Amino acid sequence: MDTVIIGAGQTGLAAGYHLARRGQSFVILEARDRVGGVWRERYDSLRLFTPAHADGLPGMRFPAPRGAFPTGAEMGAFLETYAARMALPVRTGVRVDRVRTQGGGYVVTAGGHRFDVEQVVVATGGHRRPYVPAFAADLDPRIVSLHSTAYHRPDQLPAGPVVVVGAGTSGADLALELAGAHSTYLVGPDHGEMPLDIESPVASLVTPVLTFLARHVLTLRTPVGRRMAPMVRHGGAPLIRVKRADLDRAGVERIDAHVVGVRDGLPVLDDGRVLTVRTVVWCTGFREDFGWVEPAVLGEDGYPRQWRGDADGSPGLYFLGLPFLYAFSSGMVHGAGRDAAVVARHITARQRDLRRAAARHAAAGVLEPVHR
């Protein structure tokens with residue numbers, strides 16, 4: 001095969017779709033045992049921020065009413081069905097350990113597997129390593145401390161007060177859900193909120209405009225897009241579904257501060273306040289982890305340097321699924337197809353150039369003895 005795609009999420013599968021249509025040989029490697037597994041691992045109440053009509057992938061619409069907002073489990077099932085229907089060559093249970101250069105191509109190692117290829121598409125996204133501050137280890141051992149990736153439903157937490165650390169979209173979702181059964185704090189800086197209910201009739205009229213902005217205006221080609229990209233990549237996006245008023249009505253105590261350490265086994269804020277809680281849920285996001293992709297050139301923000309997925313300084317290496325890879329839409333399902341199509345064009349053009357170069361080299365080898 002010519003190409004390895006790492007990750008069978010929406011961007012990896014979309015890349016496979018476009019490469020298959022262009023007649024390219026490739027394989028998609030997925031670390032989990034099932035396609036769409038990452039969506040099934042999130043909290044049970046997770047729902048997408050985009051309606052079903054914007055959640056399809058190239059060649060297949062999402063099987064739900066246009067205005068419905070799919071759950072994480074439904075998205076996982078959709079991806080699994082998509083891979084099967086498009087007959088994409090996915091190998092599950094294969095976790096890639098390392099990507100390195102060799103000659104003019106790449107070696108991809110995954111346990112006992114080795115793939116020697118011309119191109120590699122890293123479609124693992126930017127959420128590979130959950131982040132919990134080191135001082136969390138100093139919490140009283142009787143306090144339950146878990147990252148949001150390990151949280152699924154309220155009944156898994158013991159009785160008693162809960163602090164949700166991180167006031168982004170996931171933090172607001174979980175705080176609202178937990179407030180029904182626990183005294184709940186939501187701690188973290190306020191980054192504002194969208195000024196409309198995304199599930200209202202008005203939003204259904206505005207959605208096409210927002211989609212256009214996310215795809216064509218909020219991009220790395222525009223000044224406003226370049227200003228927004230760092231905020232999106234580092235957790236500064238506004239609240240989308242859950243609003244401040246929803247949290248207030250549910251009785252969530254909102255604290256615009258940072259958790260900076262531990263005192264007497266309890267979390268302490270930067271204003272000196274100590275929170276007496278039974279559980280800490282860390283909605284503190286993720287840290288970039290691209291050390292396993294040895295040829296990747298990383299920028300100051302920890303993300304690979306690239307343009308439209310094409311990695312700087314590493315011909316044949318591509319990235320998909322990064323927050324704001326090119327546009328705000330790059331982090332949404334409806335942006336996966338466009339970004340993947342661009343990468344597929346890059347790969348097809350490179351393969352054509354490599355074959356032409358090989359043909360010229362072969363012809364020169366045949367002619368050389370004649371001239372001698």
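The values are calculated or read from the model by the stated rules, or taken from the named source; none is laboratory data. What you are looking at is a predicted structure, and each value in this text was computed from that prediction instead of being measured. For neighbour counting, all protein chains shown are included, and Cβ atoms are generated from backbone atoms with ideal geometry for every residue, glycine included. To get the accessible areas, we keep the full protein, side chains included, count just its heavy atoms, and leave off ligands, DNA and RNA. Shrake-Rupley method; radii C 1.70, N 1.55, O 1.52, S 1.80 Å.
Things worth noting here:
- Among the DSSP helices (H) of the chain, those spanning at least 15 angstrom by Cα along their long axis with an average Kyte-Doolittle hydropathy of -1.0 or more are 10-21, 72-85, 201-212, 223-233, 333-371; this is a geometric and hydropathy rule only.
- The string of couplings for the stretch 45-55 from the Karplus curve (6.51, -1.76, 1.60, θ = phi - 60°) is 8, 4, 10, 5, 8, 10, x, 4, 5, 10, 10 Hz, one whole number per residue in order, with x for Gly and Pro.
- Thr207 - accessible surface, heavy atoms, 1.4 Å probe, Å² rounded to 10: 20 Å²
- For Thr184, distant residues with modelled amide H under 5 Å away: Val162, Glu253
- Most mobile listed residue (Phe115, Phe212, Phe62) in the chain, GNM with C-alpha springs under 10 Å: Phe212
- Note, ³J(HN,Hα) from phi for the stretch 249-255, Karplus 6.51, -1.76, 1.60, rounded to Hz, x at Gly and Pro: 5, 7, x, 6, 8, 8, 10
- Gyration tensor verdict on the stretch 146-194 (Cα atoms; rounded if a/c is under 1.5, prolate if a/b is larger than b/c, oblate otherwise): prolate
- Look at where the Cα atoms of the stretch 133-175 and of the stretch 222-288 average out, and the two centres are 12 Å apart.
- Electrostatic bookkeeping for Asp155 treats Lys and Arg as +1 and Asp and Glu as -1; over the other residues with beta carbon under 15 Å from its beta carbon, the sum is 0.
- Spin-label pair Asp33/Asp270, simplified geometry with 7 Å Cα→Cβ offset, distance in nm: 4.3 nm
- Probe 1.4 Å, accessible area per residue of the chain, Å²: 47 Å²
- Residue-averaged [θ]222 nm for the chain, counting only DSSP H segments that reach four residues, each worth -39500 (n - 2.57): -9500 deg cm²/dmol
- Sequence-separation-based contact order of the chain, relative, with Cα cut under 8 Å and 6+ spacing, percent: 21 percent
- Cleavage-rule hits (trypsin sites (Lys or Arg not before Pro)) in the stretch 100-182: DSSP loop, at most 12 neighbouring Cβ within 10 angstrom: Arg142
- Simple label model, 7 Å out from Cα along Cβ direction - Ala73 to Ala358, nm: 4.7 nm
- Ala84 paired with Glu294, simple spin-label distance in nm, labels 7 Å along Cα-to-beta-carbon: 3.9 nm
- Options (1) 0.98; (2) 1.02; (3) 1.11 - which one matches Cα Rg over 2.2 N^0.38 Å as calculated here: (3)
- Modelled FRET efficiency - R0 25 Å, Asp140 with His191, Cβ distances, 0.05 increments: 0.25
- Virtual paramagnetic centre 7 Å along Cα→Cβ of Tyr131, amide N under 17 Å, in the stretch 170-188: 170-172, 187-188
- Listed residues Asp173, Asp264, Asp246, most fluctuating in the chain (Gaussian network, C-alpha, under 10 Å): Asp264
- Contour excess over end-to-end distance, with Cα ends at His216 and Thr92 and 0.36 nm allotted per residue: 41.2 nm
- Averaging Cα coordinates gives a centre for the stretch 30-93 and one for the stretch 308-361; these two points are 22 Å apart.
- Gyration tensor verdict on the stretch 19-169 (Cα atoms; rounded if a/c is under 1.5, prolate if a/b is larger than b/c, oblate otherwise): oblate
- For the pair Ala257 and Arg22 in one chain, pulling the backbone fully straight at 0.36 nm per residue adds 79.5 nm over the alpha carbon distance.
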